[in-house]
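Data block below; observations after.
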Amino acid sequence: MRGHIGTFIAALVAVALCGCAGLTGNAGNTGMSITKAAYGTTEGEEVALYTLKNANGVEVQIINYGAIVTSLKVPDRSGKSDNIVLGYDTLEEYIADDAYLGCIAGRYANRIANGRFTLGSSEYTLAVNNPPNHLHGGKAGFNKKIWDAEEVRRSGAVGVRLTFTSADGEEGYPGTLDTEVTYELTKENELRIDYSAETDKQTVVNLTHHGYFNLAGAGSGDILKHELMIAADRYTPTGESMIPTGELAPVEGTPLDFREAKPIGRDIGADHPQLSYGKGFDQNFILKLAPGKSPELAARVSEPASGRVMEVLTTEPGIQFYTGNFLPNGKKGRDGKTYNHRTGFCLEAQHFPDSPNQPGFPTTVLIPGRKYSQTTTYRFSTEG
Ligand code: GLA
């Protein structure tokens, strides 16, 4: 009997140390695993790297600094896996990063005009870190924070739950914001992101994932041959400083019409004011005018050479499509790769830019007692 108990305890210890979900006897998780490793230290706190794998060769790496996806390996049509997101090798590079590679942007992703908004009778002033506007939460947004992390296992998925409490007044925003972001890798080759947040004072919230994708492989060249469909017949045109005018304009007859899939490069050089402001594609597309209950298809991207396909499903009303126009040439990336202008694209599911100053846009106001939530799924497959 003692022998059996000893074996049982040894097995429990092995499962705890290994973190291999496949050993827990959960049949829905066969071949899936989570491992945790040290990634570095900052501000006296240790940062961990979580590696999630499924049985189909998909592997996601996440750090609890910035809630960043540092690597995402997906098989091509011949089964060869490659990393398809831009990233760095070290924590120091993520700390220095100003391109938001792979992070969660918040408390308010995207721009707020002149770094100002009013709620009730109070006016709030935020950092103007993208002159003349506020961008992605300010000088030290959620992409520069150390999050608490715990491993998640459920039938058919393994993941990491990240939590961060943003103090009342942090970066100028009112209210203590308890934020939770759960990344899960599913056995259906999805990277699912569930977000939620609660506040103790009226505030604004807009969270998104800022991954730069290149389905041919990060560092393999530009993304102009990727074929993109966006399920939006309208977008929010902006002025020169990328702040929406408030208009909801049709994509029809413009280079922003992605309702039928077309190569990203086909119209990127078109003579159109919206393309000149962002130096390429950098627009918010309108999926709907209120958040949905369950994720719906927002975009589909395919890359002809590798056969990789990515679908984006979301509950969010908008999606910012950005073609890495501000990436400098010769940027040092991970695994000895170099990234240049337009070598990654972002599909950032979110509310519309500058919503706190735009009464006609879906609201981003969160009040105490209510819960902000959104779900976005990046689903991978191959074709051809
Ligand atoms: C978002 C914005 C872009 C740019 C990047 C970060 O995608 O829309 O204009 O600021 O973030 O470089």
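The values are calculated or read from the model by the stated rules, or taken from the named source; none is laboratory data. These figures come from a predicted structure and were not determined experimentally. Positions of Cβ are generated from backbone atoms using ideal geometry, with glycine treated the same way; all protein chains shown enter the neighbour counts.
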In segment 92-116, residues that are within 18 Å of Gly246 (Cβ to Cβ) and near the ligand (Cβ under 9 Å from one of its atoms) total 2
Over segment 120-141, the set of residues within 15 Å of the ligand (Cβ to nearest atom) and surrounded by fewer than 22 Cβ atoms within 10 Å (Cβ to Cβ) is Ala127, Val128, Asn129, Asn130, Pro131, Pro132, Asn133, Lys139
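When you scan segment 1-90 for strands (runs of 3 or more DSSP E) that lie fully inside it, which ones turn up with 2 or more residues that are under 26 Å from Lys331 (Cα atoms), of a type in the set (S, T, N, Q) and modelled with pLDDT of 95 or more? I'd like the intermediate steps shown before the answer.
Working: elements: 33-42, 45-53, 59-63, 68-75, 81-83.
By residue number, 33-42, 68-75, 81-83.
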Within segment 313-330, restricting to residues that are of a type in the set (Val, Ile, Thr) and within 20 Å of Arg342 (Cα to Cα), the one that is farthest from the ligand (Cβ to nearest atom) is Ile319
Inside segment 211-225, the number of residues satisfying the requirement of being buried (at least 23 other Cβ atoms within 10 Å of the Cβ) and of a type outside the set (Ser, Thr, Tyr) is 6
query = Does segment 158-177 contain any residue that is part of a strand (DSSP E or B) and within 14 Å of the ligand (Cβ to nearest atom)?
reply = no
Apart from one, (1) within 15 Å of the ligand (Cβ to nearest atom); (2) charged (D, E, K, R); (3) in contact with a strand residue (DSSP E or B) (Cβ under 6 Å, 6 or more places away or on another chain) all hold for Lys144; the odd one out is (3)
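Can you tell me which of Ala305, Ala270 is more than 13 Å from the ligand (Cβ to nearest atom), aliphatic (A, V, I, L, M), in a loop (DSSP other than H, G, I, E, B) and farther than 29 Å from Gly384 by Cα?
Details: Ala305 fails: farther than 29 Å from Gly384 by Cα.
Testing whether each residue is more than 13 Å from the ligand (Cβ to nearest atom), aliphatic (A, V, I, L, M), in a loop (DSSP other than H, G, I, E, B) and farther than 29 Å from Gly384 by Cα leaves just Ala270.
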_Any residue that is in contact with a strand residue (DSSP E or B) (Cβ under 6 Å, 6 or more places away or on another chain), at positive phi and not charged (D, E, K, R) - is there at least one of those in segment 332-348?_
no
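Taking the condition buried (at least 18 other Cβ atoms within 10 Å of the Cβ) and more than 21 Å from Ala99 (Cα to Cα), does Phe361 pass? Let's see the steps before the verdict.
On the way: buried (at least 18 other Cβ atoms within 10 Å of the Cβ): yes; more than 21 Å from Ala99 (Cα to Cα): yes.
Criteria met by Phe361.
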Among Arg161, Arg192, the single one that is basic (Lys, Arg) and within 22 Å of Asp82 (Cβ to Cβ) is Arg192
Just to be sure before I move on: is Thr375 in contact with a Lys or Arg (Cβ under 9 Å, 6 or more places away or on another chain), surrounded by fewer than 24 Cβ atoms within 10 Å (Cβ to Cβ) and not in a helix (DSSP H, G or I) in the structure I sent?
yes
Of the residues in segment 331-354 that are over 19 Å from the mean Cα position of the chain (by Cα) and away from the ligand (no atom under 13 Å from the Cβ), the one that is surrounded by the fewest Cβ atoms within 10 Å (Cβ to Cβ) is Gly336
Of the conditions (1) touching a residue at least 60 places away in the same chain (Cβ under 8 Å); (2) part of a strand (DSSP E or B), the single one that Gln283 does not satisfy is (1)
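Of the residues Thr236, Thr199, which single one is closer than 30 Å to Gly159 by Cα, among the β-branched types (Val, Ile, Thr) and in contact (Cβ under 8 Å) with a residue 40 or more places away in the chain?
Details: Thr236 fails: closer than 30 Å to Gly159 by Cα.
The match here is Thr199.
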